[in-house]
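What follows is a short report on a single structure.
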Amino acid sequence: MKLKIIADKDTDDRTLKTCWGLSILVNDDILFDTAESKDTLLYNMERLNISKEKIKKVIISHDHYDHTGGLSGFLRENSDVEVYGLANFSSSFKKLVESSRAKLKESSEFSQISDNVYLTGSLQAGYKGMGLVEQALILETKNGLTVITGCSHPGIVKIIQKVKENLSSDIYLVIGGFHLLNKNTQEVKDIIDEFRKLGAKKAAPTHCTGENAISLFKEEYKDNFIQVRVGQGLRV
């Protein structure tokens with residue numbers, strides 16, 4: 001399988017836009033999150049020669065603007081898709097999907113959505129004194145499991161544990177936002193130790209992970225650390 005980073009905070013290609021949001025294309029037909037705006041998402045898709053018509057499934061990790069912001073623009077271009085959200089997402093999110101005539105899919109349980117592609121289902125988290133739910137995407141490949149996260153509000157270790165509870169293959173790669181911005185160095189090192197115990201071979205932290213945490217992962221994972229950049233392609 002292949003990944004293409006459509007939106008994130010850094011790039012080596014000045015012709016592409018960066019933003020705080022996140023969006024990753026899986027193969028040619030699965031879109032994970034939609035960045036923070038339609039302008040960034042659609043512009044980068046155009047620059048990267050990504051065919052919107054080939055996309056059949058849109059996975060939304062959680063109902064925050066930096067992951068849903070480009071959805072309305074994308075659905076105006078291609079509404080013949082299944083949009084995978086969660087039951088606790090906002091009514092405005094659901095109205096957006098349903099008004100576009102896309103198919104809204106909601107499941108709170110760990111589930112398989114196509115060959116070798118899974119969702120963790122609903123994981124609970126707290127955010128600014130309120131509750132939220134989040135899901136992660138899992139790809140099963142010959143190398144092992146690739147786990148793609150949005151912000152990991154429930155805890156990146158908790159997400160990996162959920163994957164391990166349901167699938168027996170080894171963890172090949174964990175990529176996405178790990179939400180470690182407010183963790184101190186020792187707390188991040190403890191999380192990295194848990195990564196090792198859970199058998200995560202490669203790490204690609206980005207988005208809301210925080211620069212200190214990214215540096216610590218890089219120091220620990222060395223050649224198995226992946227620096228994420230907009231426009232980057234990965235084989236998993």
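The values are calculated or read from the model by the stated rules, or taken from the named source; none is laboratory data. Small disclaimer: the values here were computed from a predicted structure and weren't measured. Using ideal geometry, Cβ is built from the backbone for each residue, glycine included, and neighbour counts are taken over all protein chains shown.
Just give me the residues in the range 1-48 being touching a Cys at 6+ places or on another chain (Cβ under 8 Å) and among the polar types (S, T, N, Q), in sequence order.
Ser37, Thr40
Could you please find all residues in the range 209-236 being part of a strand (DSSP E or B) and crowded, with 16+ Cβ neighbours inside 10 Å?
Start the filter on the range 209-236 by keeping residues that are part of a strand (DSSP E or B), which leaves 225, 230, 233-235.
Those that are part of a strand (DSSP E or B) and crowded, with 16+ Cβ neighbours inside 10 Å: Phe225, Val230, Leu234.
What tally of residues in the range 1-22 results from selecting those that are closer than 21 Å to Leu145 by Cβ and either under 12 Å from the mean Cα position of the chain (by Cα) or modelled with pLDDT under 95 (or both)?
Qualifying residue count for the region: 4.
Assuming Asn182 fulfils every condition listed in (1) within 22 Å of Leu22 (Cα to Cα); (2) touching a Ser or Thr at 6+ places or on another chain (Cβ under 8 Å) apart from one, which condition is it?
In the conditions (1) within 22 Å of Leu22 (Cα to Cα); (2) touching a Ser or Thr at 6+ places or on another chain (Cβ under 8 Å), Asn182 misses (2) alone.
If you go through the range 8-39, how many residues are on the phi > 0 side of the Ramachandran plot and surrounded by fewer than 18 Cβ atoms within 10 Å (Cβ to Cβ)?
Adding up the residues that qualify gives 1.
Of the numbered conditions (1) at pLDDT 95 or above; (2) over 24 Å from Gln232 (Cα atoms); (3) touching a Leu at 6+ places or on another chain (Cβ under 9 Å), Phe74 satisfies every one except a single condition; which is it?
All conditions pass for Phe74, except number (2).
Just to be sure I understand the filter: pairs with C-beta atoms under 9 Å, separated by 6 or more residues or on different chains, first member in the range 131-145 and on the phi > 0 side of the Ramachandran plot, second member hydrophobic (A, V, I, L, M, F, W, C) and modelled with pLDDT of 95 or more. Which pairs pass?
Gly144/Ile171; Gly144/Leu173; Gly144/Val236
Just to be sure I understand the filter: pairs with C-beta atoms under 6 Å, separated by 6 or more residues or on different chains, first member in the range 45-71 and crowded, with 18+ Cβ neighbours inside 10 Å, second member aromatic (Phe, Trp, Tyr) and part of a strand (DSSP E or B). Which pairs pass?
Qualifying pairs under 6 Å: Ile59/Phe32; Ile59/Tyr84.
Let's see how each residue does on (1) under 16 Å from the mean Cα position of the chain (by Cα); (2) free of Cβ contacts under 8 Å to residues at least 24 places away in the same chain; (3) surrounded by fewer than 16 Cβ atoms within 10 Å (Cβ to Cβ):
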| position | (1), (2), (3) |
| --- | --- |
| Val163 | yes, no, no |
| Tyr172 | yes, no, no |
| Gly176 | yes, no, no |
| Leu181 | no, no, yes |
| Val188 | no, no, no |
| Ile191 | no, no, no |
| Phe195 | no, no, no |
| Lys201 | no, no, no |
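Would you be able to tell me the number of residues in the range 19-35 that are touching a helix residue (DSSP H, G or I) at 6+ places or on another chain (Cβ under 8 Å) and in a loop (DSSP other than H, G, I, E, B)?
Looking only at that region, the number is 9.
Restricting attention to the range 90-111, and to residues there that are buried (at least 16 other Cβ atoms within 10 Å of the Cβ) and either in contact with a helix residue (DSSP H, G or I) (Cβ under 9 Å, 6 or more places away or on another chain) or of a type in the set (A, V, I, L, M) (or both), which single residue is farthest from Val58 (Cα to Cα)?
The residue in question is Phe110.
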